[in-house]
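The structure under discussion appears below in the form of structure tokens.
None of the figures in this text is laboratory data; all of them are computed from the coordinates on show. If you're wondering where the values come from, they're calculated on a predicted model, not measured in any experiment. Don't worry about glycine lacking a Cβ; one is built from the backbone with ideal geometry, like all the others, and counts go over all protein chains shown.
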Amino acid sequence: MSGKEMGTSPKRPMRYVLGVALAFTLVAAPSLAMATVQPHATTTFKACANKKTGALRQATKCAATERAVSWAVQGPKGATGAKGATGATGASGATGTTGDPGPAGATGATGPEGASGPTGPVGPAGPIGPAGSARAYAVILGTNVSHAHGDITVRNPAVGEYCVLVTGIDPTQSLAMVAPEFGHDATGAGTPGIRTFVEYDANSGGFGCNTNEFAVISYSENGTTMSLANVGFTFLVP
């Protein structure tokens, strides 16, 4: 606060003036505030204190018998208050829209080969295939005929000579195919040193056979000796 004397009146001690001003403020401040404080008043009150009695009146100009006094409306800044408690958690916001798909990742490395699975069950038997094109076939041992297709009879006029008659097939117009049959040849199921041979003679009537019979000859070889021998063989007319 500040004070100012006017005229030649005796000066009063400053503490006297301040004391009177404080008393006036406590007693009369409510009425002064109601009567004189304007909405746009400054932050400093100005008043005039009687030099003799110390009485105050609000004014901006003082008489010669008064001393000008003033004081601040706003007090000093208080200490910072304690931090308030944390507020309650707010409600969850709405789910945002789905973002665009990201780019495709790089192809990963090839994994190790997996273990072999168990063997599957045997499938059902397939349908019977169409009949072959061979017109006649058989397994021949001497005069015995087995596994035959077609009407086949055999003569064995001499050792190692066979005359095969196939009804309905003319040997002069057809060929035959022959080969040793392992289970009935002269090798004794693989006897060392023995080999067997079976040959078809395309000349009709060979080896004492008739012209309507297929002529076949068979023989075996033992070391350096070769001789006619009855050998089991397969016979086929395509």
Computed label-point distance, nm, for sites A91 and E199 using a 7 Å Cα→Cβ extension = 11.1
Cα shape, region 99-238, gyration tensor, a/c 1.5 rule | prolate
Label-to-label distance, nm, for residues given as L165 and A55 (7 Å Cα→Cβ offset) | 17.7
Gain upon complete extension [T225, T98; 0.36 nm per residue less C-alpha separation] = 36.1 nm
Which FRET efficiency value, to the nearest 0.05, is calculated for T211 and A131 with the Förster distance at 25 angstrom and r the Cβ-Cβ distance?
-> 0.30
